[in-house]
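Chemist: Please find one structure pasted underneath; my questions will follow.
Bear in mind these aren't lab numbers, they're just calculated from the coordinates by the rules spelled out. Just so it is clear, the structure is predicted and the values come from calculations on it, not from any experiment. Here the Cβ positions follow ideal geometry from the backbone for every residue, glycine too, while neighbour counts run over all protein chains shown.
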Amino acid sequence: SEGKITALVKAWGGFIEDSESSDLETEHPSMLMTVRVPEAHFETALKKFEELGVRTAKSVSGKDVTAQLVDMDARLKNLRAQEETYRQILRHANKVGEVLAVQQHLSDIRGEIESMDASRQSIAKLAALSTISVTFQQRPAAKDLQGDAGWATDAWASATQALDGAFKALSVAVIWVFVYAPIWLPVAFFGWVIARRVARR
């Protein structure tokens, strides 16, 4: 599944943001993947991912970053205006101390502008992509699914085996009785005769 998802995401112009596997040594390994795909391929991606297994849960949510981008644009506009103001001041500065101070302000503002501009571009780029998190978990083997249903079969087999053992033990006892009959029958007979004579007296 991981290879198929990676190939699909790349074909759509997206990328794998995160991939994590767990319980690889057990019978039920799982994998969590977070991918980014262009908004135009969002519905197609959901459908294709669901075809890779049996869907057990699904949740879709959205986040509007328009307000955040508007705010960043306003702040960038303000910083650029400040930068231009300091440039004007620098042109009329005559003292070395003033020049150095203005240049320091210009350097700080330029750093803020570049950092915020990079953040804005990153947010704008990600806003054009949809985030999809997919969790795959291997289904239990057939023997695990039938484990509870097999208790009756196991009990029947155990009872049958025990009954068979009892019959075998009884058969062995009967055979021993017949084999040693020439010995115990005379003894039993004489014992019976003596008991009768004693009883008559």
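Chemist: Once you order the gyration tensor axes a ≥ b ≥ c over the Cα atoms, which shape class does the range 1-67 get: rounded for a/c under 1.5, otherwise prolate or oblate by comparing a/b with b/c? Kindly include the intermediate steps, with their values, before the conclusion.
Modeler: Working: a/c = 1.80, a/b = 1.66, b/c = 1.08.
Since a/c reaches 1.5 and a/b is larger than b/c, the shape of the range 1-67 is classed as prolate.
Chemist: Say a paramagnetic label sat at a point 7 Å from the Cα of D71, along Cα to Cβ; which residues of the range 118-137 have their backbone N under 17 Å from it?
Modeler: Correct set: 118-124, 127.
Chemist: If you don't mind, there's one more thing I want to ask. Suppose each label sits 7 Å from its Cα in the direction of the beta carbon; what would the A188-T44 distance come out to in nanometres?
Modeler: 9.3 nm
Chemist: Starting from the range 8-103, pick out the trypsin sites (Lys or Arg not before Pro) whose DSSP state is loop and whose Cβ has at most 16 other Cβ atoms within 10 Å.
Modeler: The qualifying sites are R55, K58, K63, K95.
Chemist: Same structure again: Let me have the 222 nm mean residue ellipticity of the chain computed from DSSP H runs of 4+ only, each contributing -39500 (n - 2.57), with the sum over all residues rounded to the nearest 500. Before the final figure, lay out each step's value.
Modeler: Numbers: 7 runs with 131 residues, N = 201.
Rounded to the nearest 500, the figure is -22000 deg cm²/dmol.
Chemist: Whole-Hz Karplus ³J(HN,Hα) for the range 25-33, in order, using 6.51 cos²θ - 1.76 cosθ + 1.60 and θ = phi - 60°, x for Gly and Pro?
Modeler: 8, 9, 7, 10, x, 9, 9, 10, 10
Chemist: How big is the Rg/Rh ratio for the chain, C-alpha atoms only, Rh by Kirkwood, two decimals?
Modeler: Expressed as Rg/Rh, it is 1.66.
Chemist: Using a 10 Å Cβ count of at most 13 others and DSSP loop calls, identify the longest part of the chain lacking such GluC sites (Glu not before Pro). Don't skip to the end; give the middle numbers.
Modeler: Details: sites that count: E25, E27, E51.
For GluC sites (Glu not before Pro) (loop position, at most 13 other Cβ atoms within 10 Å), the longest site-free span of the chain is 52-201.
Chemist: Hey, in the GNM for the chain with a 10 angstrom Cα cutoff, which one of A162, A40, A127 fluctuates hardest?
Modeler: Largest GNM mean-square fluctuation: A162.
Chemist: A further question on this structure: In nm, to one decimal, how far is the modelled label at I175 from the one at T160, with both set 7 Å along Cα→Cβ?
Modeler: Label at I175, label at T160, 2.3 nm between them.
Chemist: Helix 2-11 against the longest principal axis of the chain: what's the angle in degrees, Cα atoms only, rounded to the nearest 10?
Modeler: Taking Cα atoms only, the helix is inclined about 30 degrees.
Chemist: Starting from the Cα of R196, step 7 Å along the direction of its Cβ; do the same at D64; then give the gap between the two resulting points in nm.
Modeler: Distance between the two pseudo-spin positions: 11.6 nm.
Chemist: Moving on to the next point. Past 19 Å, Cα to Cα, is the threshold; run K63/K125; K4/K47; K10/K58; K4/K125 against it and keep the listed order.
Modeler: K10/K58; K4/K125
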